[in-house]
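K.L.:
Okay, handing you the structure first.
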Amino acid sequence: IIVDDFDPRITYTPSDKWTTGGGELEHNSTTHRFNDGAGSFAFTFNGQFFGTGIQVYGTLVEETSSKSPFIATFQIDDSPPVTYTSPSMNRKQYRRQFFRSAVLEENVEHRLVI
């Protein structure tokens, strides 16, 4: 199952600091970008699907002093948070894996906070 960034189960906080965009190389040609300071988004889902894990992919932009590195923290339920720090990039990179969960319990609700 692929969940797009416009899925209504995703909440962006604070909502007025996020902008949308996208290009043909991104899933459904959509992206969300946080513009200033620190922000987060949360995805609540039920484990009733084929598979018992979640992965997060995104787009990395070219390295500049204002946009690099990209740092994100991922936390599922009450598990310890995992931090992703992007490598140096000299060009835009699409569909980059940022996170992969451990095996999750089936048939229960889970919450991923980024």
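The values are calculated or read from the model by the stated rules, or taken from the named source; none is laboratory data. This is a predicted model, so every value here is computed, not measured. Here the Cβ positions follow ideal geometry from the backbone for every residue, glycine too, while neighbour counts run over all protein chains shown.
K.L.:
Could you count how many residues in region 70-100 are within 22 Å of N28 (Cβ to Cβ) and without any contact (Cβ under 8 Å) to a residue 12 or more places away in the chain?
P.N.:
Total satisfying the criteria: 0.
K.L.:
Is at least one residue of region 71-93 of a type in the set (K, R), farther than 22 Å from W18 by Cβ, outside any loop (DSSP other than H, G, I, E, B) and at pLDDT 80 or above?
P.N.:
Scanning region 71-93, I find no residue that is of a type in the set (K, R), farther than 22 Å from W18 by Cβ, outside any loop (DSSP other than H, G, I, E, B) and at pLDDT 80 or above, so the answer is no.
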